Amino acid sequence: MMEERIVISDANILFDLLSVELLEHFFGLPWEVHTTELVISEIKEPEQLACVEGFRKDKKLNVVGFEMPEMFEISALQRSCGNNASMPDCSVWYYAKKVDGRLLTGDRKLRSVAERDSVRVSGILYIFDRMVENSALLPGLAAEKLEFLMKKNGRLPKEECERRIEKWRVESM
């Protein structure tokens, strides 16, 4: 069930979705996807940047910048967590809090500090669940893509991934 209207994506979510060619499916979900200029600046590969900028141009991705007073607040957030999160990470944390959106990240440190600050935080498995739930991705393809992502991203929770893969394979029969 889609609960939110606005989601704010960290760079690692975009990278994961790009790596398994699911960015278009992600942007097909019925929510507003936002990120920050600081996150966009983390995308160094020209092909990846061109792909993300295409969604920005098509108005499927809202990229926000900040004025100096907001940059000071973001910097204060970074200091408050002992510099355990980068400025781009803190920018999406700040923005999620500001707009009462759900922060999407795979960064454990960012998740921890944002949750302590009462920000709703979810990761890539939440996105896969929503894509299947909203028929943006068929269960069989979801299982394949998640299995592929597990090979690329060793930080994913293995048991939770395997449970979903098994469930989606059964659903696709």
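The values are calculated or read from the model by the stated rules, or taken from the named source; none is laboratory data. Keep in mind that what you see is a predicted model, and the values were worked out from it rather than measured. Glycine also receives a Cβ, built like all others from the backbone with ideal geometry; neighbour counts cover every protein chain displayed. Quick note on the areas: whole protein, heavy atoms, side chains included, nothing else; ligands and nucleic acids left out. Shrake-Rupley method; radii C 1.70, N 1.55, O 1.52, S 1.80 Å.
Okay, here's what the table says:
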item: Some residue of region 72-83 being at pLDDT below 95, among the small types (G, A, S) and open to solvent by 60 Å² or more (accessible area, probe 1.4 Å); result: yes
item: Selection from region 57-71 of residues that are open to solvent by 70 Å² or more (accessible area, probe 1.4 Å) and either under 14 Å from V33 (Cα atoms) or in contact (Cβ under 8 Å) with a residue 24 or more places away in the chain (or both); result: K57, D58, K59, K60
item: Of all residues in region 123-162 being small (G, A, S) and without any contact (Cβ under 8 Å) to a residue 24 or more places away in the chain, the one that is least open to solvent (accessible area, probe 1.4 Å); result: G154
item: Residues within region 27-47 that are in a loop (DSSP other than H, G, I, E, B) and either farther than 12 Å from S9 by Cβ or open to solvent by 40 Å² or more (accessible area, probe 1.4 Å) (or both), tallied; result: 6
item: Filter pass, I165 being open to solvent by less than 40 Å² (accessible area, probe 1.4 Å) and touching a residue at least 60 places away in the same chain (Cβ under 8 Å); result: no
item: Subset of region 132-173 (residues that are closer than 22 Å to P30 by Cα and assigned to a loop (DSSP other than H, G, I, E, B)); result: N134, S135, A136, L137, L138
